[in-house]
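First comes the structure, then the notes that go with it.
Since every read-out is calculated from the coordinates, none of them should be taken as a lab result. Everything numeric here is computed off the predicted structure, so don't read it as measured data. Counting neighbours? That spans all protein chains shown, and the Cβs are built from the backbone with ideal geometry, glycine included.
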Amino acid sequence: RTTGPFLYIPLTDMVAKGQLPTAFGSEDKLAPINRALVFAFNFFLPWVLFILAFSTMSFYLHYSAPALAFILVGVMLLVPLGCAVGGMKAQAAQTRMRWLPLSVGTLVINIAVGSYTGAENFMRNMQPFYDVDSLNAYDAVDPHARGQAYMDAGRVRFAAEAAVHTEYSVGFKNLNVYCVAPIMAANQTYADFWAVGVNCCEGGKFECGEMTALAHSGLRVLRDDETPFYRLGVQQAMAEHGLQSSHPVFFYWLVDPKAEALDMSAEGSRWYLVAILFSLLFNLFYGGLASNIAK
């Protein structure tokens, strides 16, 4: 039994040859079983394409082989293209298939929205998780150490003498406020480790991450859309407070960075489930609409 897009194109060829007069003829209504077929086609196929597009752009394939991920999304677009070709054949045979243009559009929408929301989930949740998960974990890191010695750090627990010196914090504003504060020992003027966050130092009070007595660890920040502004914040702190820093490394200041990393992954999974649910509801609605149009 053939399913998916490969079912539809042979059906339109059969219509053009007059082999399915009761199913898609220009006068006869669809039999109930064929209306169910139209519903299944217009519900199941777009939903599956949404799931595939979202998964491709959201998870590890996008991280390990981004070019392949984009190629696969492009291949998915061949499905609505095939449906459009089949529709033109049916139109040339004067076959009544009023639901077809909407079907092609819905397939494209599902692929586009699935790809876009998947890419957003990747950028916000999964890429930061994959970044830190692929790096090393260090314990008892000396705050006097040079940053270049820990460029492969994903999770760090600092030595007991290290602390976030909020009195040297700076907020660099570029639409958002990118906040930085050095992680140092007492009376230290050189700092390559920095606690950071966005919009969490208004009024000169640094409140990024978990500023509690239990927090003594860092989760590496590698987001390309944030780190350039943190570097500018470090330069500003150096100018304002006389600090020195040659290879700044940025961290979220946390109690348990491993748990925080796992939360990123869990949030990515929640995005996935919610997206699938909304796509399910949308395509259920459209499947019913298409089957009614086909009456």
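Check which residues have an amide H placed less than 5 Å from residue 178's amide H, if you skip close sequence neighbours.
Result for residue 178 returns 172, 173, 199.
Note down, for the stretch 142-228, the three equivalent ellipsoid semi-axes (square root of 5 times each alpha carbon gyration tensor eigenvalue), biggest first, whole angstrom.
Details: eigenvalues 80, 50, 29 Å².
So the three semi-axes of the stretch 142-228 are 20, 16, 12 Å.
Go through the stretch 215-230 residue by residue and turn each phi into a ³J(HN,Hα) via Karplus (6.51, -1.76, 1.60, θ = phi - 60°); whole Hz please, and just put x for glycine and proline.
6, 8, 9, x, 10, 4, 10, 10, 5, 5, 7, 10, 4, x, 6, 5
Rounded to the nearest Å, what's the spacing between the alpha carbon centres of the stretch 48-80 and the stretch 153-209? Just the number, please.
A separation of 38 Å, based on Cα centres.
Grab the other residues whose beta carbon is less than 14 angstrom from that of residue 128, score K and R as +1, D and E as -1, and report the net. Spell out each step's value before the answer.
Values: positive: 124, 155, 220, 223, 258; negative: 120, 131, 133, 224, 225, 226, 260, 263, 267.
Neighbour charge sum, excluding residue 128 itself: -4.
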